[in-house]
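Take a look at the structure set out below.
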Amino acid sequence: MCTESGGDPAPLGPDAGNAAGGNGVEVQPRQKILVIDDEEVVLDSCRAILADGGYDITTATDGDEGLRLAAELSPDLVFVDVKMPGLPGMEVLERLRSTDPTIVAIVITGYATVSLAVEAMKRGAFDFLPKPFTPDEFREMTRRGLERRTEVLAQARDRAAAEAAGPVPGAGAGPMAPVPCRVLGRWEETYDTVSLALDPPPGWQGFRPGQFNMLYAFGIGESAISISGDPADGGRLLHTIRKVGKVTESLTSLQRGDVVGVRGPFGTPWPLGYAAGRDVVVVAGGIGLAPLRPAIHELLANRDRYNRVLILIGARTSADLLYPEEIQEWRGRFDVDLQVTLDSATGGWRGRVGVVTTLIPRAEFDADQAVAMVVGPEIMMRFAAAELLHRGMSPSRLFVSMERNMKCGIGLCGHCQVGSKFVCRDGAVFGYDEAETMFQVREV
Amino acid sequence: MAAQDPSSPPVADLLAAHPFVVGMDESQVRHVAECVSRVEQFPTDQVIFRSGGVARILYLIRRGDVALEVPAPGGGTRIVGTLHAGDALGWSWLFPPYRWAFDARALSPTEALVIDGEKLRQCATTDHELGYQVVWRVAREMADRLQATRLQMLDVYGERR
């Protein structure tokens with residue numbers, strides 16, 4: 001480890017601690033930067049480049065030391081090398097973000113590839129700096145990272161103030177007013193599906209797995225999109241969007257830095273509390289994995305609260321499979337039974353082929369007490385429900401998420417009304433005892 | 001193809017543990033056991049049978065995974081379904097013209113009980129009670145696969161039209 005302070009204090013430090021100096025002049029605390037890289041020459045360069053910037057610079061030569069220093073120093077900005085001996089950089093990044101979602105992390109690597117950059121963004125990196133970099137590039141990245149840190153801390157303060165003031169739907173602007181949010185990152189999940197990481201709206205108080213936001217593509221229109229990220233990651237809002245019409249076409253073509261309108265979160269959550277102490281069966285078909293992903297994150301983060309956890313995933317082809325790296329990670333756990341099946345495959349595929357419902361008869365769970373959460377096209381949900389009921393599961397322990405032309409999100413406009421229910425307000429998560437009759441009403 | 005491991009349990013015990021015979025009475029299971037000719041091992045990628053070949057065997061998969069394949073338009077193969085431990089592979093031995101309709105290929109090291117289909121057919125003809133049990137199982141399997149195939153054909157995850 002190496003720590004040093006360089007140059008004069010930053011004249012306009014973002015973390016306005018307002019510590020009073022002995023001469024009566026307000027002195028801004030120095031911003032703290034941690035660089036984790038196994039190459040001493042890189043660490044030396046970083047220190048030299050920022051020496052005159054007025055920062056506290058600390059360096060670490062491996063991931064474990066980096067994490068220890070991060071916990072000790074609470075840095076504003078962390079640079080992490082992807083490829084290091086010992087703990088891999090991606091793992092360091094994930095642990096940093098899970099410990100403190102407000103930490104701004106930038107990944108540096110000599111193995112710059114698009115897929116690596118995408119992976120880093122998915123794991124919460126703010127940006128990506130390929131080696132070798134020039135002093136100007138490093139200074140610019142530092143400036144942007146610290147600027148981001150300023151925003152994140154301001155949002156955290158807003159959130160705290162909003163929490164103290166009580167619930168603020170739509171950030172005080174009313175539930176129908178979209179709040180402009182910046183796109184922090186964008187990556188393609190499949191050929192027709194994109195994930196957007198958004199800067200949460202001011203006053204954002206998080207969401208519960210199963211809830212959705214109304215996303216407004218300015219000048220085009222609004223669409224109900226489920227929240228697909230980890231509920232524990234308060235620093236950004238993740239949405240996975242499939243191109244199916246004009247609005248989603250426009251949303252999926254947004255780029256980093258663009259602005260999108262956000263209203264929400266709306267809708268009922270998955271019954272994760274009710275599922276505690278029971279077997280949990282998650283059945284996802286196609287894009288249906290997106291609204292289930294927050295629930296999976298929560299199940300796995302609190303794994304000891306549940307009995308068996310089964311995740312059954314169906315996709316059209318291997319090219320349509322969402323979140324393949326994450327699926328691999330989940331499958332690697334010893335406490336999860338995860339199965340993937342494709343509707344269609346070429347000769348090179350080594351896994352299962354068949355519709356997702358064919359996984360249910362052989363899945364090992366106790367139907368007398370298990371809870372199931374199912375999302376996919378309605379016909380898939382109907383067949384999946386039939387298999388689960390055939391296994392002896394009660395309809396009251398089977399939950400589905402419906403999607404029916406939601407327009408307002410608050411049960412006002414009636415576009416999503418099915419019988420006496422408004423899907424946006426009373427759902428979108430419903431118990432199957434309710435949903436079964438709703439399924440019989442055809443979509444218009 | 002490899003011979004059965006001499007240390008493995010008797011074929012009758014292996015058969016009794018397979019879901020295909022669950023619900024049959026002891027004498028029926030014994031009759032089916034008399035039709036088991038061997039236990040076969042198939043290494044990964046071994047072709048078990050080819051479409052158009054004479055179908056004489058019912059395979060009861062004990063472990064492993066098997067792909068049912070057809071030649072894809074434009075070359076290569078398309079997997080139309082996979083079968084796994086506990087599944088029965090092949091029913092073309094039951095109905096004329098006794099020809100396989102698909103290729104079957106082991107996706108992972110696979111072990112199956114090999115049942116002489118012709119012999120089982122004869123047993124089923126002379127013992128209608130056993131015949132009913134066998135045909136009922138095949139019919140249930142066919143109904144399940146037909147339903148799954150319909151869903152596959154619907155392309156439920158495809159673009160909404």
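Every number in this text was worked out from the coordinates using simple rules, so none of it is lab data. Note that this is a predicted model, so its numbers are computed, not measured. Positions of Cβ are backbone-derived with ideal geometry, glycine not excepted, and every protein chain shown enters the neighbour counts.
A few remarks follow.
- Sequence-distant contacts, meaning Cα pairs under 8 Å at least 6 residues apart, place the relative contact order of segment A:280-439 at 21 percent.
- Considering only B:GLY76, B:GLY23, B:GLY52, the Gaussian network model of chain B with Cα springs below 10 Å gives its largest mean-square fluctuation to B:GLY76.
- FRET efficiency for A:GLU188 and B:ASP155, using Cβ-Cβ distance with R0 set to 30 Å, rounded to 0.05: 0.90
- 5 angstrom amide H check on A:ILE241, placed H, neighbours 5+ away: A:VAL194, A:SER195, A:LEU196
- For chain A, share of DSSP beta bridges that run antiparallel, in % to the nearest 5: 50
- In this structure the amide hydrogen of A:LEU129, modeled in the peptide plane, comes within under 5 Å of the amide hydrogens of A:VAL107, A:ILE108, A:THR109, none closer than 5 places in sequence on its chain.
- Cβ crowding within 10 Å, taken as a proxy for footprinting-reagent exposure, orders A:LEU359, A:LEU196 from fewest neighbours to most as A:LEU359, A:LEU196.
- Each of B:SER108, A:PRO88, A:ALA428 was placed along the dipole of the protein assembly as shown (beta-carbon charges, centred on the mean Cα), and the one lying farthest toward the positive end is A:ALA428.
- Within straight-line cross-link reach of A:LYS131, aspartates and glutamates at Cα separation under 18 Å, skipping those fewer than 8 residues along the same chain: A:ASP37, A:ASP38, A:GLU39, A:GLU40, A:ASP44, A:ASP62, A:ASP81, A:GLU119, A:GLU140
- Anisotropy class of segment B:47-127 from Cα gyration tensor, a/c 1.5 cut: oblate
- By the beta-carbon count within 10 Å of each Cβ, the least crowded to most crowded order of B:GLU26, A:GLU298, fewest first, is B:GLU26, A:GLU298.
- Shape metrics for segment A:280-439, restricted to C-alpha atoms - Rg then Dmax, Å: 15.9, 50
- In terms of its alpha-carbon gyration tensor, segment A:255-345 comes out oblate; a/c meets the 1.5 threshold, while b/c is at least as large as a/b.
- Taking amide hydrogens as placed 1.01 Å from N in the peptide plane, the amide H of B:GLY53 sits under 5 Å from those of B:TRP100, each at least 5 positions away in sequence or on another chain.
- Three-way shape call for segment B:82-161 based on the alpha-carbon gyration tensor, with the a/c threshold at 1.5: prolate
- Segment A:367-378 - phi-based ³J(HN,Hα) in whole Hz, Karplus 6.51/-1.76/1.60, Gly and Pro as x: 5, 5, 10, 5, 10, 10, 10, 10, 9, x, x, 4
- For chain A, the longest principal axis of the Cα atoms and the long axis of helix A:289-301 meet at an angle of about 70 degrees.
- In a DSSP loop and with at most 10 other Cβ atoms within 10 Å, the chymotrypsin sites (Phe, Trp or Tyr not before Pro) in segment A:321-376 are A:PHE334.
- Ordered by the number of other Cβ atoms lying within 10 Å of each residue's own Cβ, fewest first, A:TYR306, A:TYR432 fall into the sequence A:TYR306, A:TYR432.
- Across segment A:201-353, Cα pairs under 8 Å and at least six residues apart give a relative contact order of 22 percent.
- Rel. contact order, % - alpha carbon contacts under 8 angstrom, at least six apart, chain A: 10
- Per DSSP, loop GluC sites (Glu not before Pro) in segment A:327-401 with at most 11 further Cβ within 10 Å: A:GLU364
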